[in-house]
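Below is one structure, written out as structure tokens, with a few remarks after it.
The values are calculated or read from the model by the stated rules, or taken from the named source; none is laboratory data. Small disclaimer: the values here were computed from a predicted structure and weren't measured. Glycine also receives a Cβ, built like all others from the backbone with ideal geometry; neighbour counts cover every protein chain displayed. Accessible surface is based on the protein model in full, side chains and every heavy atom, while ligands, DNA and RNA are left aside. Shrake-Rupley method; radii C 1.70, N 1.55, O 1.52, S 1.80 Å.
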Amino acid sequence: GRPTRAASLRERDTYSSSSRGPLGRANASYTKPKPPWRRNLCQLVVVSLMTAVVGATLQLNKLSVLDGAGREFGMEGYVGKTSFLVPYALCKAVCNLLVGGLADTHGRKPIALFGSLVGLVGPAVVLLFCGVAFPHDQTKAWPFFVGSSAFLGISQGITWTSTILITIDLCGPQSRGLASGLSETVGYTFIAIFAEVYGALERSTIECGWYGGTVSENGSSVQIPSNVCRVASGSVCVTPDDFVSECAGQCVCHGYAVAPFALQLALAGVGVAVCAGFLHESNPHEFWFKGLVRANSHRGVPQLA
């Protein structure tokens, strides 16, 4: 049968909307604009590289400090081995709280660059004081070894949060979930990758041996290794894999404050170079508009309500 008037009108409207541009004008060549993440793909690669550097340095620091606490510095208790978490967590928590407002006020790139620069301090301190100044004095080197985690917390709290904000800017307000997921995926992927990198680095650079001297066992002094340590380790202390907790302070492994932190320093340098040389300000309109408002307010120019 003949189509109804309503069906004819729907067909006409469908044809009209498909052949008109966003302003309703006839435009046979009109194409839907690309989503923001496609237009900003190069900058997304840059910010993802920065996130990867943060994830890699986090894993290297965490594993080297955790393993070095027992194997090189002789920490036997759980509290001693995990003491690096206190300065790291406190500094990261404070930075996470502040970085959003600072990035809105001063711009994303300056804050991200500051966080990347702080990332250079931690490994540099460890290499200087643990590797050069006190290479064989574990008592004096230990505070610097653990304290480096504070700089890691500041760097990660500022840089990773800034990269999340930048990724959201680049992906647009309609793709916040994609932006957050992308940043987390890249960061934790490189955390996983650098767990394997750390294992290879540990096997190739860390050397272990018996610490000469005596140790107290059952109220008397015995030659190292003690009977308990000898039974647990099979009297073997050559590689990090030979270490057992019963031999803490007796089977000593050297190098946890050198090679892993040298790699951290190199990666942090890459992060600074990428941020300074290739990252663009992702929120320029709001950043410069606020700066203009502040400048005009100082000159007495009346502001819009």
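Check the stretch 135-153 and report whether any residue there is charged (D, E, K, R), open to solvent by 20 Å² or more (accessible area, probe 1.4 Å) and out of contact with any helix residue (DSSP H, G or I) (no Cβ under 9 Å at 6 or more places or on another chain). The answer is yes; a qualifying residue exists. For V228, the conditions (1) outside any strand (DSSP E or B); (2) touching a residue at least 24 places away in the same chain (Cβ under 8 Å); (3) farther than 30 Å from P33 by Cα are fulfilled apart from (2). In the stretch 190-213, which residues are part of a helix (DSSP H, G or I), exposed (fewer than 15 other Cβ atoms within 10 Å of the Cβ) and of a type outside the set (G, A, S)? I193, E196, R203, listed by residue number. Residues being of a type outside the set (D, E, K, R), under 15 Å from S64 (Cβ atoms) and surrounded by fewer than 22 Cβ atoms within 10 Å (Cβ to Cβ) are entirely absent from the stretch 182-189.
Is at least one residue of the stretch 247-262 hydrophobic (A, V, I, L, M, F, W, C), open to solvent by less than 40 Å² (accessible area, probe 1.4 Å) and part of a loop (DSSP other than H, G, I, E, B)? Scanning the stretch 247-262 turns up at least one residue that is hydrophobic (A, V, I, L, M, F, W, C), open to solvent by less than 40 Å² (accessible area, probe 1.4 Å) and part of a loop (DSSP other than H, G, I, E, B).
Let's see how each residue does on (1) within 23 Å of G277 (Cβ to Cβ); (2) open to solvent by 20 Å² or more (accessible area, probe 1.4 Å); (3) in contact with a helix residue (DSSP H, G or I) (Cβ under 8 Å, 6 or more places away or on another chain):
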{"position": "T31", "(1), (2), (3)": "no, yes, no"}
{"position": "R38", "(1), (2), (3)": "no, yes, no"}
{"position": "M50", "(1), (2), (3)": "yes, no, yes"}
{"position": "E76", "(1), (2), (3)": "no, yes, yes"}
{"position": "C91", "(1), (2), (3)": "no, yes, yes"}
{"position": "V99", "(1), (2), (3)": "yes, no, yes"}
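For S216, the stated conditions do not hold, so it cannot be described as of a type in the set (S, T, Y), open to solvent by 30 Å² or more (accessible area, probe 1.4 Å), more than 16 Å from E246 (Cβ to Cβ) and outside any helix (DSSP H, G or I). When E286 is tested against (1) more than 27 Å from A56 (Cβ to Cβ); (2) modelled with pLDDT of 95 or more, only condition (2) is not met.
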